[in-house]
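Please read the structure below before turning to the comments.
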Amino acid sequence: MTAGTSHRLRFLVGVALAALLGAALLRAFVSGASRQIADEAEERKAIVTLQAATSLAHSAGDGDAVRKVMAAWQARTPSVSQVRVFLADGMRLEASTAPGDAGERAAPRRLQREEKPLYDRSQRIAAAAQTNREEQQARKAEIEAAPLGGGRLSLAGPVEKDRAPVGLVEIETALQPTPRTPGWSGFLLAVIAPLAAFALLALIIGERRLPLLLAGVACVAVSLFWMGRAAAAQIAAEQQRAAQAVAERVREQGAVTQEVARAQGLKTDPAAPGIWDVDGFRKPRGLIAADGSVDAQRLGLQMKEAAGAVRKTLLAAGALSLVLLLVAGLGGFSAVGATLRRHRQAYLYIAPAMLGMLALVFFPFAYGVTLSFTDSNLYNTSRPLSEIWVGLRNYADILGDFGFVKRSESGIFLNYLNFYWTLLFTILWTVTNVAIGVTSGLILALILNTKALALRPLYRVLLILPWAMPNYITALIWKGMFHQQFGVINQLLQVFGLPAVSWFDRPATSFLTALVTNGWLSFPFMMVVSLGALQSISADLYEAARVDGATRWQQFKAITLPSLKPALVPAVIISVVWTFNMFNIIYLVTGGEPSSSTEILVTQAYKFAFERYRYGYAAAYSTVIFGILLVYGVIQNRVSKATEA
Amino acid sequence: MESLRRVAAAALTALVAAPATAATEIVVWHAYRAEEKAALEKVAGAYNAAHPNTHVSTLAVPYDAFADKISAAVPRGKGPDVFIYAQDRLGGWIEAGNTVEPIDFFIDKDTKDRFIPTTLEAMTYKGTVYGLPLNYKCITLIYNKKLVANPPKDSDELVAVAKKNTDKAAGRFGLAYAYSDYYYHAALQNAFGGHVFEAGAKPAINNPDNAKALEYLLKWLDKDQILPAEPSTALITALFNDGKAAMIFNGPWFLGEISKNIDYGLAPLPKIKEAGNTPMKPWMTVEGALIAAPSKNKDAAYDFIKYLTDKPAGIVMAVEGRQSPANKAVYAEPKVAGDAVLKSFRDQVEVAIPMPNLPEMTMVWSPATTVMNSVTRHSASPKAALDSAQAAISKDVAGLRKK
Amino acid sequence: MTGSRLRDEMPHGPLHLILVLATLLTLYPVFWVFSIAFSGKQSLAIADLPANPRAIDRLRAVIPWPEKISASNFVSVMTDQPFARWILNSALVAIFTTVLGVFLACTAAYAFSRFKFPGRRPGMMAFLVSQMFPGTLMLIPLYIIIVQILGLGSSRIGLIIVYATTSIPFSVWMLKGYFDTIPKELEEAAVIEGASAGKIFWRIVLPLAKPAVAITALFSFMTSWNEFILAATFMDKENMYTAPVGLRFFVGGFSQQWGYFAAGSIIVSIPVVLLFLYLQKYLVSGLTAGGVKG
């Protein structure tokens, strides 16, 4: 589309795209919601069935009684294809209606080798029940569901004696197939109708942009609104149907269990089957009344929630479609297309690098940032992120914890795990390191820059050697040299009669070891940068200054320093960023000793992730580190540009 | 590519060598070096020779990267069939899911009975067994035979012998051990009935028995004055090798660092009179053979680890790998029974307690070290230090459990 | 005239003293590693001290010369494990990383320097800012992408891709600055003569940017040669390990074998030090003359 395209065409395309997007979003939401309602209903029905079987198993106890009861129950429950009762004591398969468990393999028998998953399941559920009881919270699922393919589900829950799990009941049940995806007629109508309406209006309006825009918005909005209403109605109806289905199952199972129990001569609770509608943690959902009828109030609440969700989706879809309409109608796409074509050579050149960066640098970073808004830790890595979303809580915990000094009976002591202490320490670490690096590098560069210095190439080569060696090797070398008993540093101290220092036992000396190591590693970089900058200063400037009578110090201040700045400033920025995140040196040389007092922010984040298993928290920590460096970079850039100008 | 080639090769083999089934591949990861690595490879070789239908291959991984590698690779199905590691990470891996396979189902009574019971406990998490114990390590009493004729049996004797050998001015100490390392202190703490967690992984580090143990340590430090002031591991080694420490508490890892001119002996840790004559009960680290949850050959894997923890393999690991096997029967073998070092640790392990394998344990170390440091430097009283450690650990554990 | 000039300059004597001191301090750890490596033992100490060491004994323990020179550590390192194979792996990965990294960085930097297009400044900022990501926590997402999604576990290609990509930001930043200092007139003249864009890039611009390209190559090589954690996690076969992984066997866990570590360190450091020295004449010019101006 070039600039000559008519506005009407642009807006027509915009309306089409907007209607498509809006309708697609709504349709996706509705089919997702339908599937969720249907799945939940099926799951609830299955759980109710399981709980019914379990209550029968409880009444029957064990032995022949439970076998007869299970057989009878299954005969009356067509949706269940098999039920098994397993008792952990002696690994006994107590009852089974599975077709394969007949004849020689009939229950009761010990589990066979290939039936290990059943045993493991029983152990898992028992452990989950125990954990939940000990921690007094519902953290681990006590009812396990495993889809079997072909629309069948395997569901297992504990069987208890004196409120302690002693085995499990497992049923295989057929699930009703999920509803077919809704017909396309509604979708097509929601796309074609506004398009047709707009086309007509556009013919009338002509080439004026604002009226065209308003017309387009109106068409799309009306269409989406109508579609949303239909969606809300559909979802409400489905929820109603689902609730009825579950209630019916409850009543049916209630009747079946009564029948079976009576036939076998067992005692059972005067049916209060409503309690069988529980969630995965065996907590009642409260949606079915005790006698098996739907609790209208709770259902009403659920339906209101769903209606709210529809409304929110409608608004979001509407907003996005509007944006699309605006962009297309006002010529956004044609502009982008033109730009891409005009600069295609440039984009081609940067494409490979950008692709790699996007996949391997930006995406992991985005993943980390997303993780920082969740409470991801060791226990919930398998749950979807939306369930463990905590928003800014991690950040609040990190940044809001000001307690880095604690008072005790014998004085104050520092809390080394506190973020602000670690931040302070990291800043101290960075500042001292960069200062040492710049100073020593600059001094050596100045010396090396002396005219007609003998052996200059030799010195230069030898002095950049620390930079060439891999830094994890040199870190470990320095750690060895600071060894308390055998390290050469202590030996040297003792040659001069000084006592050997236990370097890693006090924060100050531990810090010193890391400082020395990193100083040794980083001065060559600064030296080289300074050398380069010094060599680019013309000697004539100095000549002129000397002729004017300036002293060496004045020459330094007036000529050398300003010429060094453009080279040193970027080098300092890079050095600050690298030192701030210098994981290897701290981790390998001090390891944070003693007791985490010499941790910097990156090593602390690492330990939160891999030693305390709090991945969300560690991700938030890393994002904060990134934020600090970003702010520093922006400020530093602005300051240096200001002074340069 | 690699897998495609393997599939093609397997298909070809299946077509050509019709009756013979392809050998089951079992991959084992470990972090051993030198003699332990050689011993493990010898055992794997013997297994392969005896079982032509299975092929066991071992891969050595650097210790520093091992735990992270397992955490990254195994849950995603890219790891080994068997891996060997100590029990301290076991709880964490179990909770992470899809990493370690429970093996109660495979274990029969005979296999269960072959192990020292506490080692099997170390491999048990919330009532389920997750691995077969391979070997154990714990600290014991190591003494300089020139300075100590008979190793002390209880705390009174210990203090007496230590006092005789202590001369602070000359830098000689009767007893030297890393008492500010919580792992070492646990031996004393457990004698007083101290513990770290209560049922349900509830942190309880500030219980009164722990405080009593700390006060007892302070008695050794301040009243009896038999311990050095700065107990770093490097210093302890230096003192012992210079003949300046009469007795130390340390583990098998230390024996390789003892200088040749020291004639040393091993003895069980003494009984503590003030704790009702209970012996010091050190924590033991148990290395176990674990089966990876996504493994496709769990039966074969179990067969291998059963062999690995059996008597013949145990003898190889003990004699050539210098490990202390968890299998009781190994110690009847003359080569092992005659080895003074192995016998000493076997006697010590009778009273050792397995270190907790809960994931919450990793959150204990840092606050516990702070407790030891502040108490031994007299900057906090035992009760106050324990209370603040309890607060820190509870906060960390709660942070992990927040819904 | 000459007299006053001489008087104004610093006398070289004290300067040499400072330089010699600095060089000795800089090189001491290197000497130390050599003496441990050639000592044939596993101990950290250069010399065993007698029971009551005098100052002379301690001085001996500080001087980096082994008591007995022996090459046994080197022999053990090369024969007890497939160390040569590991170094070969490191070399292959490093070379390909350098080639790929330089290629990607040069093309991108050239575009940023020569073309004006929308998204140019945000792109440069993005490269700069990406250096501030703490990389230690990217292990899991990178593992998912490389090993799970792309199936490149235990393959050198996986490592090459990751290393090349992570070395891009710094390289692009430096190269762009250097390209900026190459006068555009040269290229414009070539365009008038009818040369294609590709030829201009390869025949005219790149040769002029040799110092910066050399630095980029050096940097990519060093990033790849020194990386440990990703190599240890991605590689599932012993013969695919790289040199840093192999070295870590000696000093991890409970017992440290300093002799093997020192010998291995020397073997691992030699290639990169040689490369460094070979390219060091470009260091000064490549890094500063326009390079680090950003």
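The table that follows gives values for the structure above.
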item: Neighbours by Cβ (under 6 Å, 6+ apart or cross-chain): first from the stretch B:231-242, within 7 Å of another protein chain (Cβ to nearest Cβ); second of a type in the set (Ser, Thr, Tyr) and open to solvent by 20 Å² or more (accessible area, probe 1.4 Å); result: B:232/A:502
item: Those residues of the stretch B:370-387 which are within 7 Å of chain A (Cβ to nearest Cβ) and modelled with pLDDT of 85 or more, in sequence order; result: B:381, B:384
item: Selection from the stretch A:63-115 of residues that are among the aliphatic types (A, V, I, L, M) and without any contact (Cβ under 8 Å) to a residue 12 or more places away in the chain; result: A:75, A:102, A:106
item: Residue within the stretch B:365-377 that is free of Cβ contacts under 8 Å to residues at least 12 places away in the same chain, in contact with a helix residue (DSSP H, G or I) (Cβ under 6 Å, 6 or more places away or on another chain) and either open to solvent by 30 Å² or more (accessible area, probe 1.4 Å) or not aliphatic (A, V, I, L, M) (or both) present; result: yes
item: Tally, over the stretch A:108-145, of residues that are away from every other protein chain (no Cβ under 14 Å) and either open to solvent by 20 Å² or more (accessible area, probe 1.4 Å) or part of a helix (DSSP H, G or I) (or both); result: 3
item: Any hit, the stretch C:155-163, residues being at pLDDT below 80, at the interface with another protein chain (Cβ under 10 Å from one of its Cβ atoms), open to solvent by 20 Å² or more (accessible area, probe 1.4 Å) and more than 20 Å from the chain's Cα centre (by Cα); result: no
item: Residue in the stretch A:386-402 that is in a loop (DSSP other than H, G, I, E, B), in contact with an Asp or Glu (Cβ under 9 Å, 6 or more places away or on another chain), within 14 Å of another protein chain (Cβ to nearest Cβ) and at pLDDT 75 or above present; result: yes
item: Candidates A:218, A:202 - the one that is over 13 Å from residue A:26 (Cβ atoms) and either touching a residue at least 24 places away in the same chain (Cβ under 8 Å) or touching a strand residue (DSSP E or B) at 6+ places or on another chain (Cβ under 7 Å) (or both); result: A:202
item: Filtered residue count, the stretch A:571-602, keeping only those that are small (Gly, Ala, Ser), open to solvent by less than 20 Å² (accessible area, probe 1.4 Å) and modelled with pLDDT under 85; result: 4
item: Near pairs, Cβ below 6 angstrom, 6+ apart or cross-chain, from the stretch A:360-377 (farther than 18 Å from residue A:617 by Cβ) to any residue that is at pLDDT below 85 and surrounded by fewer than 21 Cβ atoms within 10 Å (Cβ to Cβ); result: A:361/C:130
item: Every residue from the stretch A:96-110 that is within 13 Å of residue A:167 (Cβ to Cβ) and modelled with pLDDT of 85 or more; result: A:96
item: Qualifying residues in the stretch C:166-190 (those that are surrounded by fewer than 24 Cβ atoms within 10 Å (Cβ to Cβ) and within 16 Å of the chain's Cα centre (by Cα)) - the one farthest from residue C:222 (Cα to Cα); result: C:169
item: Output for the stretch A:337-366, where each listed residue is open to solvent by 80 Å² or more (accessible area, probe 1.4 Å) and of a type in the set (Ser, Thr, Tyr); result: none
item: Residue satisfying all of: in the stretch A:427-466; closer than 30 Å to residue A:631 by Cα, polar (S, T, N, Q) and open to solvent by less than 70 Å² (accessible area, probe 1.4 Å); nearest to the other protein chains (Cβ to nearest Cβ) among these; result: A:440
item: Selection count where residues are under 22 Å from residue B:71 (Cβ atoms), of a type in the set (S, T, N, Q) and assigned to a helix (DSSP H, G or I), scope the stretch C:217-273; result: 1
item: Which numbered condition residue C:199 misses (of (1) more than 10 Å from chain A (Cβ to nearest Cβ); (2) without any contact (Cβ under 8 Å) to a residue 60 or more places away in the chain; (3) touching a Ser or Thr at 6+ places or on another chain (Cβ under 8 Å)); result: (3)
item: Looking only at the stretch C:135-144, and only at residues there that are within 8 Å of chain A (Cβ to nearest Cβ) and open to solvent by less than 20 Å² (accessible area, probe 1.4 Å), the one that is nearest to the chain's Cα centre (by Cα); result: C:142
item: Filtered residues of the stretch A:172-195 (kept if farther than 30 Å from residue A:73 by Cα, modelled with pLDDT of 75 or more and surrounded by fewer than 16 Cβ atoms within 10 Å (Cβ to Cβ)); result: A:184, A:185, A:188, A:189, A:192
item: Cβ pairs under 6 Å, 6+ apart, first in the stretch A:27-53 and farther than 15 Å from residue A:278 by Cα and in a helix (DSSP H, G or I), second hydroxyl-bearing (Ser, Thr, Tyr) and open to solvent by 20 Å² or more (accessible area, probe 1.4 Å); result: A:29/A:313; A:31/A:181; A:35/A:178; A:38/A:178
item: Filter result (of a type outside the set (Ser, Thr, Tyr), touching a residue at least 24 places away in the same chain (Cβ under 8 Å) and within 11 Å of another protein chain (Cβ to nearest Cβ)) within the stretch A:529-545; result: A:529, A:531, A:532, A:533, A:534, A:535
item: Output for the stretch A:475-500, where each listed residue is within 10 Å of another protein chain (Cβ to nearest Cβ), of a type in the set (A, V, I, L, M) and either more than 25 Å from residue C:226 (Cβ to Cβ) or open to solvent by 40 Å² or more (accessible area, probe 1.4 Å) (or both); result: A:489, A:492, A:493, A:495, A:500
item: Any helices (runs of 4 or more DSSP H) falling wholly within the stretch B:30-120 and containing at least 1 residues that are under 27 Å from residue A:120 (Cα atoms); result: B:63-73, B:90-96, B:109-113
item: Identity of the residue in the stretch C:99-115, out of contact with any His (no Cβ under 8 Å at 6 or more places or on another chain) and either open to solvent by 10 Å² or more (accessible area, probe 1.4 Å) or among the acidic types (Asp, Glu) (or both), that ends up farthest from the other protein chains (Cβ to nearest Cβ); result: C:99
item: Number of positions in the stretch A:92-107 that are surrounded by fewer than 19 Cβ atoms within 10 Å (Cβ to Cβ) and touching a strand residue (DSSP E or B) at 6+ places or on another chain (Cβ under 8 Å); result: 5
item: Unmet criterion (only one of (1) within 12 Å of another protein chain (Cβ to nearest Cβ); (2) more than 21 Å from residue A:117 (Cα to Cα); (3) in contact (Cβ under 8 Å) with a residue 40 or more places away in the chain) for residue B:65; result: (3)
item: Output for the stretch A:563-612, where each listed residue is assigned to a helix (DSSP H, G or I) and under 24 Å from the mean Cα position of the chain (by Cα); result: A:583, A:601, A:602, A:603, A:604, A:605, A:606, A:607, A:608, A:609, A:610
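The values are calculated or read from the model by the stated rules, or taken from the named source; none is laboratory data. These numbers were taken from a predicted model, which means no experiment stands behind them. Because the Cβ atoms are built from the backbone with ideal geometry, glycine has one as well, and the counts that use them run over all protein chains shown. Keep in mind that these areas ignore ligands, DNA and RNA; they rest on the heavy atoms of the full protein, side chains included. Shrake-Rupley method; radii C 1.70, N 1.55, O 1.52, S 1.80 Å.
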